[in-house]
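Colleague: Below is one structure. I have some questions about it.
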Amino acid sequence: MENLLLSNINITTIAKRLEKKYNVAAGEGYDNWASYFWDSKNWFPKELKRIFLFFDGESLLNCFPEKNQIKELYDVISTCAANNPGIRFYVNTVDMSGIQTICLDEQWKQKEFAYMVNQEVYSCYGKVENIYIFDLEGMVRQTGAGLFYSHKMWYLASCKFSMLGEKQMAEMIKFLIGNEKKVRKKCVILDLDNTLWGGVIGEVGQNGIDLSRFKEGSRYYDFQKQFLRMKEKGILLAICSKNNLQDALEGLRHPDMVLRETDFVSIKANWEPKSGNILEIAKELNIGLDSIVFVDDNPVER
C-alpha cells in the first residue's frame with residue numbers, strides 16, 4: 001500500500017475509485033485516523049509514500065471545539081510528519097458550508113471555527129517540509145456546496161460528499177500524486193508595471209497608474225489579493241522590475257495597493273537584466289531556481 005486515506009468520516013468510496021490504479025486504501029473503522037496519529041510510535045507500513053488526511057469540519061467541531069484542542073491536534077500531526085520524513089502528508093483545509101443550519105449564531109460559530117482550523121493547517125504547511133495542503137475549502141467554493149455535498153449520503157452511509165464531490169476529490173488526489181515530481185515552490189517574484197498595476201509608473205507617476213477597488217483598476221487590486229493570500233500561507237514574495245527604485249517605492253505606497261513594501265523579502269528595481277536579479281534573489285534567500293515562480297506581463301522577460 002503506497003497511499004493511505006484517513007478521515008473522521010466514511011471515505012471508503014473515494015478510495016475505491018482510486019485503488020486499482022494508484023494502490024490506495026482507506027483506514028479501517030470509524031475515526032480511523034486517530035490510532036495512527038495519537039500512537040506515540042506513529043507506526044506506518046514501510047511501503048507507504050503518502051497519507052491523505054481528510055477532516056470533516058462538523059465532525060471535527062464536535063470532537064475538538066476549543067482552540068487549544070485544535071492547536072494540540074495539529075501539533076500532533078506536525079510531529080508525526082516530522083518523525084516520518086519519507087512520507088508525504090496531505091492535510092485538507094476545512095469547509096463548513098455543507099452543514100444544514102438556519103441559525104445565524106451557529107453559522108458564525110462554524111465560520112470562526114473553520115478559520116481557526118485553517119490557520120493551523122497553513123501553520124503546519126509552513127513549519128514541516130513534508131506536509132502539503134489539500135484545498136477542500138477552495139474546491140467546494142468553486143463547485144458550490146449544494147452540488148459538492150449530499151445530505152442523503154450522510155444519513156445513509158456517514159459520507160458527506162455527493163457523487164460529483166467524490167469524483168472531484170478523487171481527481172484532486174490523482175493530480176497531487178502525479179504532480180509530486182515538481183519541486184515545491186517557495187517564492188513568487190513579481191514585476192510591477194502592467195503586472196501589479198496598470199501603466200508605467202516612471203511615465204505617469206503614482207497618481208496616473210491604473211489601480212483601484214472598482215472598474216478597470218480592480219483587476220490589479222484583485223490580482224494582488226491572490227498573492228497576499230499566498231504570503232499568508234508561507235510563500236515568499238519578491239519584486240524584480242526594470243524601474244527606478246524611487247518610482248517603484250512610490251507605486252508600492254499607492255493608497256489602493258494591497259501589497260506593501262514590507263510584504264516583500266527582496267526588491268530589485270533597477271535597469272539590470274532581470275535574469276541576473278532573479279539569480280541574486282535566489283542567492284539571498286538560499287533557495288533553488290526551480291522553487292521560484294516569476295510573474296511578468298512581458299513574454300520576452302518570461
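The values are calculated or read from the model by the stated rules, or taken from the named source; none is laboratory data. Given the structure is predicted, the values throughout are model-derived calculations rather than measurements. Please note that ligands, DNA and RNA were not included when accessible areas were found on the heavy atoms of the full protein model with its side chains. Shrake-Rupley method; radii C 1.70, N 1.55, O 1.52, S 1.80 Å.
Colleague: Please report, to two decimal places, log10 I(q)/I(0) for region 115-263 at q = 0.19 Å⁻¹ as given by the Debye formula with identical point scatterers on the Cα atoms and no solvent.
Modeller: Debye intensities relative to I(0), on a log10 scale: -1.13.
Colleague: Two decimals, Cα atoms only, Kirkwood Rh: what is Rg/Rh over the chain?
Modeller: Using Cα coordinates only, the ratio equals 1.03.
Colleague: I'd like the distance separating the alpha-carbon centroids of region 266-302 and region 168-193, in whole Å.
Modeller: 19 Å
Colleague: Before anything else, pin down the relative contact order of the chain: Cα pairs under 8 Å, at least 6 apart, normalised by residue count, whole percent.
Modeller: Answer for the chain is 14 percent.
Colleague: If you don't mind, another one. Can you give me the long-range amide H partners of residue 134? Hydrogens built in the peptide plane at 1.01 Å from N, cutoff under 5 Å, separation of 5 or more residues or another chain.
Modeller: Those lying under 5 Å, H to H, from residue 134 are 91, 92, 93.
Colleague: May I ask you to work out the translational diffusion coefficient for region 135-184 at 4 °C, viscosity 1.567 mPa s, via Stokes-Einstein with Rh from the Kirkwood sum over Cα pairs, reported in whole µm²/s?
Modeller: 110 µm²/s
Colleague: Pull out a ≥ b ≥ c, the square roots of the eigenvalues of the alpha-carbon gyration tensor of region 232-277, then state rounded if a/c is under 1.5, prolate if not and a/b is larger than b/c, and oblate in the remaining case.
Modeller: oblate
Colleague: Express the accessible area of the chain per residue in Å², computed with a 1.4 Å probe while the remaining protein chains stay in the model.
Modeller: Here the per-residue accessible area is 53 Å².
Colleague: Here's a follow-up. State log₁₀ I(q)/I(0) for region 1-138 at q = 0.16, 0.22 Å⁻¹ as given by the Debye formula over alpha-carbon point scatterers of equal weight, solvent excluded.
Modeller: Result of the Debye calculation: -0.83, -1.48.
Colleague: Using a 1.4 Å probe over the heavy atoms of the protein chains, calculate the carbon and sulfur portion of the accessible area of region 1-152 as a whole percent.
Modeller: 50 percent
Colleague: In Å, what is the Rg of the alpha-carbon atoms in region 118-161, and how long is Dmax?
Modeller: Spelled out, the Cα radius of gyration and Dmax of region 118-161 are 14.1, 39 Å.
Colleague: Ordering 143, 79, 195, 13 by accessible area with a probe of 1.4 Å, largest first, what comes out?
Modeller: Largest to smallest exposure gives the sequence 79, 13, 143, 195.
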